[in-house]
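Report on the structure given below.
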Amino acid sequence: MKKIEIKLYGYGGELTAGTLSDEQYEEFVDNEDIQSLDWYEIDDLFHAHGCSPSGSKIQVIDSDGKVIYDDDIYELEYDVYDYKECYFTSEDTNIMLCYHSEKGVFFDGVIELDDNEEFDFDNLTLLLNDVIVNDNDDEVGYEVISMVTYKGEEVDNLGEGTNGKSFDSHLFRRMND
């Protein structure tokens, strides 16, 4: 058996979307430093950590340590995305969307292939989550790759290392009272 390493690195972050009670909404809207609050726990709609496909690269390394592929994820000529749109509206509930932007390695996993088998991008799938919140006046969204599979099997993320770069938060007030 030979081992192939797959890395996703560059820009991405931690993305959360969650509902807020009216009291929580007021607490967050009145606080200029939302990052100092427990924003990451408001995640009943969505929570993932991963790289952004528009600012990251994928690297594939063979068992001899030779890089066999290293390019922008968006430049892949292969149909590797399993696209999942997560669309939320603040029609009947308050929503908070937060994104903690980071830079570094978001995924580092290893797959095993038979000695006579070659790595094939047709067997690789990146789960791309497109998270969008809409309140009829504003629509905000982020994309993160949250999972890697090969031949339909999830590849374990054996390590990552990122550094925080910025923080964005968006509060959406319930439209129907």
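If you take the alpha carbon atoms of the range 2-172 and fit the smallest convex hull around them, that volume is 119 Å³ per residue. Spatially close Lys pairs in the chain, defined by Cα atoms under 26 Å apart and a spacing of eight or more places or different chains, total 23. Annotation for the range 54-88: trypsin sites (Lys or Arg not before Pro) lying in DSSP loop with at most 14 further Cβ atoms inside 10 Å of their Cβ are LYS66.
Computed from backbone phi, the HN-Hα couplings of the range 28-37 come to 6, 5, 7, 9, 6, 10, 4, 4, 6, 8 Hz, rounded to whole numbers (Karplus: 6.51 cos²θ - 1.76 cosθ + 1.60, θ = phi - 60°; Gly and Pro given as x). Each label point was placed 7 Å from the Cα along the Cα-to-Cβ direction; for ASP114 and THR89 their separation is 5.1 nm.
For a paramagnetic label modelled on SER54 (point 7 Å from Cα along Cα→Cβ), amide N atoms under 20 Å away belong, within the range 1-44, to 8-17. Computed extension gain for ASN136 through ASP62, at 0.36 nm per residue and net of the alpha carbon distance, reaches 21.8 nm. Spacing of the modelled spin labels on TYR40 and MET1, each 7 Å from Cα toward Cβ, amounts to 3.3 nm.
Quick note: the coordinates plus some simple rules give every number you see, no bench work behind them. Everything quoted here is computed from the prediction, not taken from an experiment. Every residue, glycine among them, receives a Cβ derived from its backbone with ideal geometry; neighbour counts consider all protein chains shown.
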